Amino acid sequence: MEKIRGFEIAKGWEDKGINLPERKTAHSAAYDIEAAEDTILPPFKLGGKPTLIPTGLKAYCQDDEYYILVNRSSGPKKGLVMANSIGIIDADYYGNESNDGHFYFQYYNVLDHELEIKKGDVIGQVIFMKFLAVDNDNATGVRTGGFGSTDK
């Protein structure tokens with residue numbers, strides 16, 4: 001069967017009991033993503049870095065597609081705010097040499113106390129999308145790494 005778009009377990013996470021994402025209803029736009037391990041998020045502090053929550057997953061899609069990582073609607077009520085508002089992941093991130101395409105969620109905890117995320121908690125969602133290119137687009141670059149590598 002030809003691979004069109006989907007999820008796989010990232011290298012190094014095969015024996016960690018990672019569940020592949022699912023849509024919960026027939027009309028859901030997004031796939032629910034679980035935390036791959038227990039993670040503690042400290043309370044937000046100016047100048048502090050976001051906490052990366054591993055998913056143990058990678059995703060593949062067509063060359064004219066990407067996927068976005070988004071917070072759940074209940075996320076902010078629970079203190080979770082994505083550091084980058086949404087995460088945009090290009091098709092060529094899949095299987096990259098740095099991290100095999102393993103995607104993480106970056107969160108700040110806006111509560112006044114530590115927030116504990118347990119393995120298996122749904123921490124966000126993934127939505128697959130198409131993109132369009134402009135006339136005379138001549139992008140020829142090739143990804144050489146993982147997270148944050150497009151501008152290098």
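The values are calculated or read from the model by the stated rules, or taken from the named source; none is laboratory data. Small disclaimer: the values here were computed from a predicted structure and weren't measured. No Cβ is skipped: glycine too gets one built from the backbone with ideal geometry, and neighbour counts run over all protein chains shown.
Of the residues that sit in region 97-111 and are part of a loop (DSSP other than H, G, I, E, B) and in contact with a Phe, Trp or Tyr (Cβ under 9 Å, 6 or more places away or on another chain), which one is nearest to THR55 (Cα to Cα)?
So, considering only residues that are part of a loop (DSSP other than H, G, I, E, B) and in contact with a Phe, Trp or Tyr (Cβ under 9 Å, 6 or more places away or on another chain), the one nearest to THR55 (Cα to Cα) is HIS102.
Okay, residues lined up against (1) within 15 Å of PHE105 (Cβ to Cβ); (2) in contact with a His (Cβ under 7 Å, 6 or more places away or on another chain); (3) at pLDDT 95 or above; (4) not in a loop (DSSP other than H, G, I, E, B):
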residue	(1), (2), (3), (4)
GLU8	no, no, yes, yes
ASN19	no, no, yes, no
ALA36	yes, no, yes, no
ILE40	yes, no, yes, yes
LYS49	yes, no, yes, no
ALA59	yes, no, yes, yes
ILE68	yes, no, yes, yes
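Here is a yes/no grid of residues against (1) touching a residue at least 40 places away in the same chain (Cβ under 8 Å); (2) among the hydroxyl-bearing types (Ser, Thr, Tyr):
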| position | (1), (2) |
| --- | --- |
| ILE68 | yes, no |
| LYS77 | no, no |
| SER85 | no, yes |
| ALA91 | no, no |
| TYR94 | no, yes |
| GLN106 | yes, no |
| LEU111 | yes, no |
| ASP137 | no, no |
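Considering only residues of region 61-98 that are touching a helix residue (DSSP H, G or I) at 6+ places or on another chain (Cβ under 9 Å) and either among the acidic types (Asp, Glu) or surrounded by 18 or more Cβ atoms within 10 Å (Cβ to Cβ) (or both), which is farthest from SER28 (Cα to Cα)? Before the answer, list the steps.
We begin by selecting, within region 61-98, every residue touching a helix residue (DSSP H, G or I) at 6+ places or on another chain (Cβ under 9 Å); these are 61-67, 72.
Narrowing the set further to residues that are either among the acidic types (Asp, Glu) or surrounded by 18 or more Cβ atoms within 10 Å (Cβ to Cβ) (or both) leaves 61, 63-67.
Details: CYS61: 18, ASP63: 23, ASP64: 22, GLU65: 19, TYR66: 18, TYR67: 15 Å.
The qualifying residue farthest from SER28 (Cα to Cα) is ASP63.
Is it fair to say GLY124 is within 11 Å of the chain's Cα centre (by Cα), outside any strand (DSSP E or B) and surrounded by 16 or more Cβ atoms within 10 Å (Cβ to Cβ)?
Criteria not met by GLY124.
Which number in (1) of a type in the set (A, V, I, L, M); (2) touching a residue at least 40 places away in the same chain (Cβ under 8 Å); (3) surrounded by 15 or more Cβ atoms within 10 Å (Cβ to Cβ) marks the one condition that LEU52 misses?
(3)
Restricting attention to region 21-34, which residues are in a loop (DSSP other than H, G, I, E, B) and without any contact (Cβ under 8 Å) to a residue 40 or more places away in the chain?
Step one: of region 21-34, the residues in a loop (DSSP other than H, G, I, E, B) are 21, 23-30.
Correct list: ARG23, LYS24, THR25, ALA26, HIS27, SER28.
Does ASP63 satisfy the condition of being part of a loop (DSSP other than H, G, I, E, B), of a type in the set (D, E, K, R) and over 17 Å from the mean Cα position of the chain (by Cα)?
When the stated conditions are applied, ASP63 passes them.
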